[in-house]
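Asker: Structure provided below as structure tokens; questions to follow.
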């Protein structure tokens, strides 16, 4: 399974983001088509906050994106155990807390690839690989992951 960090969702919704928009939207669509995508409630909430405050997307439009993703992707919420693991990861692996929370949640549900441009590209933490989908060096890996 694969999941998407908030920044990928933001690019998918922002049609002014050029190549990043096209890549992000395509990756989400391919993950849905192949039945390998899963999304966290945290990323959806962060998406709403970011795009309605910074990207100037109307709340109704942002909600429409979220409802669309909810209709086609499994959505997972964090648990108290995820919180415990996130606090430990923030301490032991120098992750920002909200990144650690996202990692802990996707790790628990069996995600093996988290697409993000915020994490250390290529790092594998307890079975979850962080991949920057916009880095040219990752094109072959992504093509194999989502043919």
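Asker: Just to be sure I understand the model, the point goes 7 Å from the Cα along the line to the Cβ. What's the resulting residue 56 to residue 140 distance in nm?
Answerer: Calculated label separation equals 4.2 nm.
Asker: State, as an integer percentage, the relative contact order of the chain based on alpha-carbon contacts under 8 Å between residues 6 or more apart.
Answerer: Contact order relative to length: 26 percent.
Asker: Using a 10 Å cut-off around each Cβ, can you sort 94, 3, 116 from fewest to most neighbouring Cβ atoms?
Answerer: 94, 116, 3
Asker: Something else now. Can you give the percent of C-alpha pairs in the stretch 72-147 whose distance is more than 18 Å?
Answerer: 41 percent
Asker: Tell me, in nm to one decimal, what length is gained between residue 45 and residue 91 on full extension, where the rule is 0.36 nm per residue of separation less the Cα-Cα distance?
Answerer: Taking 0.36 nm per residue and subtracting the Cα distance, the gain is 14.1 nm.
Asker: Can I ask one more? Fewest Cβ neighbours within 10 Å first, please rank 78, 56, 64 accordingly.
Answerer: Ranking 78, 56, 64 by Cβ neighbours within 10 Å, fewest first, gives 56, 64, 78.
Asker: Grab the eigenvalues of the alpha-carbon gyration tensor for the chain, scale each by 5, take roots, and send me the semi-axes largest first in whole angstrom.
Answerer: Over the Cα atoms of the chain, the ellipsoid semi-axes are 22, 19, 15 Å.
Asker: At R0 = 22 Å, how high is the FRET efficiency between residue 126 and residue 33 if r is their beta carbon distance? Nearest 0.05 is fine.
Answerer: Approximately 0.20, to the nearest 0.05.
Asker: Got a sec? How would 95, 102, 83 order by Cβ neighbour count within 10 Å, fewest to most?
Answerer: By the 10 Å Cβ count, ascending, the order reads 83, 95, 102.
Asker: Quick one: check the C-alpha center-to-center distance for the stretch 96-139 versus the stretch 42-61, whole angstrom.
Answerer: 21 Å
Asker: Take every DSSP beta bridge whose two residues both sit in the chain, then give the antiparallel share in percent to the nearest 5.
Answerer: The answer is about 20 percent antiparallel.
Every read-out reported here was derived from the displayed coordinates using simple, explicitly stated rules and does not represent laboratory data. As the structure is a prediction and not an experimental result, all values here were calculated from the model. Counting neighbours? That spans all protein chains shown, and the Cβs are built from the backbone with ideal geometry, glycine included.
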